[in-house]
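Notes follow the structure.
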6 protein chains.
Amino acid sequence: MFSVTVRDHMMIAHSFEGEVFGPAQQLHGATYVVDATFRRAELDADNIVVDIGRASEELHAVLAELNYRNLDDDDAFAGMNTSTEALAKIVADRLAERIAAGALGDGGRELDGLVVTLHESHIAWASYERRL
Amino acid sequence: MFSVTVRDHMMIAHSFEGEVFGPAQQLHGATYVVDATFRRAELDADNIVVDIGRASEELHAVLAELNYRNLDDDDAFAGMNTSTEALAKIVADRLAERIAAGALGDGGRELDGLVVTLHESHIAWASYERRL
Amino acid sequence: MFSVTVRDHMMIAHSFEGEVFGPAQQLHGATYVVDATFRRAELDADNIVVDIGRASEELHAVLAELNYRNLDDDDAFAGMNTSTEALAKIVADRLAERIAAGALGDGGRELDGLVVTLHESHIAWASYERRL
Amino acid sequence: MFSVTVRDHMMIAHSFEGEVFGPAQQLHGATYVVDATFRRAELDADNIVVDIGRASEELHAVLAELNYRNLDDDDAFAGMNTSTEALAKIVADRLAERIAAGALGDGGRELDGLVVTLHESHIAWASYERRL
Amino acid sequence: MFSVTVRDHMMIAHSFEGEVFGPAQQLHGATYVVDATFRRAELDADNIVVDIGRASEELHAVLAELNYRNLDDDDAFAGMNTSTEALAKIVADRLAERIAAGALGDGGRELDGLVVTLHESHIAWASYERRL
Amino acid sequence: MFSVTVRDHMMIAHSFEGEVFGPAQQLHGATYVVDATFRRAELDADNIVVDIGRASEELHAVLAELNYRNLDDDDAFAGMNTSTEALAKIVADRLAERIAAGALGDGGRELDGLVVTLHESHIAWASYERRL
């Protein structure tokens, strides 16, 4: 099994609901350093999993929809906590939609799976892994 | 599949038995930067795998039992080499016991698996992965 | 010249005023991974610059006043942009006040200087350096 | 499941064929920081997966065959793009051959799998995973 | 004293002349992860050293002139070894020229100094520091 | 001003005397990831500060005298705390002696200064800087 990973980041504000979150119930923020891993059983005719440049562009486009925003004001997240793990799934699912729509070319449809990891600090990160 | 990882560290002394270890047969030491990854198929009602604060506290408590010690003097490790990979299992198993005892709440019992990685330097690390 | 550095982090929300900031004029957020460096010409009687544990506690206390907050709502920052470099100075000055008040003991008063670095992502960081 | 990872690096020149590569069709180069992960279900009699020193030596020997070279001039790679993911497989397969030939001792033959990751920059890396 | 640092990278091929370089006399390559640090005594009216976005663009523009190239073929480097430390000076001097030409606005002319660091691997890097 | 930095590591045991050290008064240990920075005003005839390979060898030789040892048993450290900052000075001074003795060639005698940084964990490190 092969994989290629690209890294980007986003800077957002949000707050959480639920006693378990303690002071994180207040409006605060995070830089998420985001790694997107693309998996594929065999390489394509160019001997790659996916072009790193195109993969980076697609990840950047997905993050641009969230970057520099207060996620509490985004209707897509109404009534849910935008925890690091929940955001990992949102980024992965949005990348998967783009891939299904052809954003990574025909080869992109040969991908087997996707892992998205969001690093919220030097001591905590979360991942979501899914099939394609 | 979702996961959350938290990082902490411990600083211990130990020595190894066996020719394969060369100079590491002498009493020496290590800083282990320790990553504990908690896996879960679905998020809980708060939209998280586990609270990062509580997960950090449990990892810290497990490492506190080992931190600032000479492991050669710990009866729990009599007759065994406390290699990086062996210590990864010890940390993982002790975390698993705590989770089974309810340390991460009822939700902690929904966890599917655990990975513990100990980084012994910038060029070597070891992991142990187990089900919960 | 000797130095000791300790690392911690904070997660805040804020917005900026000024066209130069583009989309960062919107309410967003950041994780700042914060390094505080303490400088001293000679070591003390214990052969250290400052106790790493106490230095970590003081840095944590300074960051706790900012952590999990929307800095736009903090009167201390009214009318100013809480840029990464400006926050580096705020953290450094607050640490300096604590040191002057004896938070690091008599030895703390022997310190010559302080550098505070705030990492806002894997590709951007800012520092402020001052004498003590 | 246990694993041990060791890190080394190599510095090579190469070029790619195919429009998808854009400017990387020109002769350029890369530092690959290379992580080799060795997996094993149970530890050996010394309580290790593999000796970290020996694992490092084998990885270094494999990389030495590629290091400081223009891969375009290496007959082994004639007619293929030496992409990061393709090189990950080459390093993994060459390590597997050495292990099969006894380079890591009899214990090396108990290894279950191997993962090789090549980091081409701070924002992109690729992996190849195989059984042993 | 304040500073802001931005990070980018370039991937080049080159060779060195001189016995001291050993196998690096052969055509090989490197990824250079490049940090550019901009220093200034006082913050500007926006409370910043320099806009991180603009600083990143200028660094990217300087690196784009070198990226994906064989530096042995670049007339600018005829008869010189493009060592990591020499390239750090080249990047710094080209950034300084742009700043003097107004690339970072009038505020850019208030900058006091510049440091450029090129990381050639996880275990070696070089810097060049100059006044502006 | 130019500089070149090389990284290596050592794994030692030791204990500290003095109440300020708390549990670190017990025999424990550390991995020190060690960065040695060599400074020089102008590059040499080969266009370098110092050969990275030779610099790495000298740093490795200095660390080899300490690696895999219990520093409490080393006569060189009798009656002193081998704190991270104190060890940074020891490594720097031993490197300086070697350079003075010609270990880096005639060019090594053109070096202006040396900085040694010891990272004891992901959240704490110490440096010592001296002239040559």
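The values are calculated or read from the model by the stated rules, or taken from the named source; none is laboratory data. Here the structure is a predicted model, which means the values were calculated and not measured. We place every Cβ from the backbone using ideal geometry, glycine too, and count neighbours over all the protein chains shown. Keep in mind that these areas ignore ligands, DNA and RNA; they rest on the heavy atoms of the full protein, side chains included. Shrake-Rupley method; radii C 1.70, N 1.55, O 1.52, S 1.80 Å.
Structure notes:
- Annotation: F:Gly107 fulfils all but one of (1) more than 10 Å from every other protein chain (Cβ to nearest Cβ); (2) at pLDDT below 95; the unmet one is (1).
- Among residues of the stretch D:44-54 being at the interface with chain B (Cβ under 7 Å from one of its Cβ atoms) and in a loop (DSSP other than H, G, I, E, B), the one that is nearest to D:Arg109 (Cα to Cα) is D:Val49.
- Of the residues making up the stretch E:91-115, those that are assigned to a helix (DSSP H, G or I) and open to solvent by 60 Å² or more (accessible area, probe 1.4 Å) are E:Glu97, E:Arg98, E:Ala100, E:Asp106.
- The conditions of being surrounded by 15 or more Cβ atoms within 10 Å (Cβ to Cβ), on the phi < 0 side of the Ramachandran plot, outside any helix (DSSP H, G or I) and touching a helix residue (DSSP H, G or I) at 6+ places or on another chain (Cβ under 8 Å) are met by B:Leu118.
- One residue stands out among those in the stretch A:27-43 that are at the interface with another protein chain (Cβ under 7 Å from one of its Cβ atoms) and crowded, with 24+ Cβ neighbours inside 10 Å: the one that is farthest from the chain's Cα centre (by Cα), which is A:His28.
- Residues of the stretch D:56-77 that are without any contact (Cβ under 8 Å) to a residue 40 or more places away in the chain and not hydrophobic (A, V, I, L, M, F, W, C): D:Glu57, D:Glu65, D:Asp73, D:Asp74, D:Asp75.
- Filtering C:Ala88, C:Ala24, C:Ala61 for residues that are away from chain A (no Cβ under 14 Å), crowded, with 20+ Cβ neighbours inside 10 Å, part of a helix (DSSP H, G or I) and at pLDDT 95 or above leaves a single hit, C:Ala88.
- Identity of the residue in the stretch C:1-21, at the interface with chain A (Cβ under 8 Å from one of its Cβ atoms) and in contact with a Ser or Thr (Cβ under 7 Å, 6 or more places away or on another chain), that ends up farthest from A:Glu65 (Cα to Cα): C:His9
- Some residue of the stretch A:112-126 being away from every other protein chain (no Cβ under 13 Å) and either farther than 26 Å from C:Tyr32 by Cβ or of a type in the set (Ser, Thr, Tyr) (or both): no
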